[in-house]
1. Stretched out fully, how many nm does the piece from N103 to S91 gain, at 0.36 nm a residue minus the Cα gap?
2. Quick check: pseudo-label points 7 Å beyond the Cα along Cα→Cβ at H76 and E154, how many nm apart are they?
3. Suppose the chain between W53 and A170 were pulled fully straight at 0.36 nm per residue; how much longer would it get relative to their current alpha carbon spacing?
4. With r defined as the distance between the Cβ atoms of A35 and T178 and R0 fixed at 30 Å, what FRET efficiency is calculated, to the nearest 0.05?
5. I'm spelling it out carefully: the read-out is Rg/Rh (Cα atoms, Kirkwood Rh), the candidates are [x] 0.98; [y] 1.10; [z] 1.02, and one was derived from this structure. Which label?
6. Would you mind getting the accessible area per residue of the chain, heavy atoms of the protein chains only, 1.4 Å probe, in Å²?
7. Using a 1.4 Å probe on the protein heavy atoms only, what accessible surface does W101 show? Give it in Å² to the nearest 10.
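The values are calculated or read from the model by the stated rules, or taken from the named source; none is laboratory data. Keep in mind that what you see is a predicted model, and the values were worked out from it rather than measured. Please note: Cβ atoms are built from the backbone with ideal geometry, for glycine as well, and neighbour counts cover all protein chains shown. Only protein heavy atoms, including side chains, enter the accessible area calculation; ligands, DNA and RNA are left aside. Shrake-Rupley method; radii C 1.70, N 1.55, O 1.52, S 1.80 Å.
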Amino acid sequence: TRRQDPAGRSSLPGVREQLSSALLAGDSSVKSTGARTGTPQMGTTLTVAFVAWPFLYVAHVGDTRCSLFRGGTLTHLTTDHTLAQQFAEQSGGQVEPPFQWHNILWNSLGGNEDAPSPQVIKQKLEPNDVLLLCSDGLTKHVGDEEIAALLAEELPNAERCAKLVERANANGGTDNVTVILATARAP
C-alpha cells in the first residue's frame, strides 16, 4: 500500500530500507565468496534502480552511476564513492585530485571489513525521462555533454546504448563499459 509523506507525496513504505538491506546482503555475499575463494579483498560496485510509477528509487555503492536525462539535461542522481570525489568535495572542486584516486573506492560491496554505506535516493519521474545506469568505463571516456547529445538523438534505447559503448571504446576504452537505458512511460 502507498502512504503519503508530510509533503503530500505518495510513497511505498519500506522501499528505501529494503534496498539498503539488499545491498548489505550483497556485501555479505561478496565477502563470504572472497573468503571461500582465497580473495578476501574482492569487491564490486552496484547501482540498482526500482520504479514504482511515478517514483524511481536508486540504491548505490561505488563508482557506477545513475543519471537522469530530462528535457535535454543530464543530471547525476548518484555520487561516485571514490577518494577523488571525496577530495573534490572537501576542496570545493578547486584542486584536481591525483589521477590514481579516481580508481580507489571508499565504499563498495566487499573489498574491506566495514559494511558499505549505501546511497539510497527517491526521484519523481516524468513521462519520457531517460534513466542511464552505467559503469565508470563509460564516464572515464565520454563526458556529460557528449552523453547528453547522444541521449537526445531520436533512436531506440538499444541503439543509443551501442553508440555510447562505441564512443567510450573509440575514446580509449581502458575499462569495461556497461550501459543500460530505460525510458519512463506512464502506465
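1. Fully extending the segment from N103 to S91 adds 2.5 nm.
2. Here the modelled spin labels are 3.2 nm apart.
3. Details: separation 117, 0.36 × 117 = 42.12 nm, distance 3.65 nm.
Result for the pair: 38.5 nm of gain on full extension.
4. Working: r = 27 Å, r/R0 = 0.88.
After rounding, the FRET efficiency stands at 0.70.
5. [x]
6. Values: 10230 Å² over 187 residues.
Computed with neighbouring chains in place, this is 55 Å² per residue.
7. W101 has an accessible surface of roughly 80 Å² with all protein chains in place.
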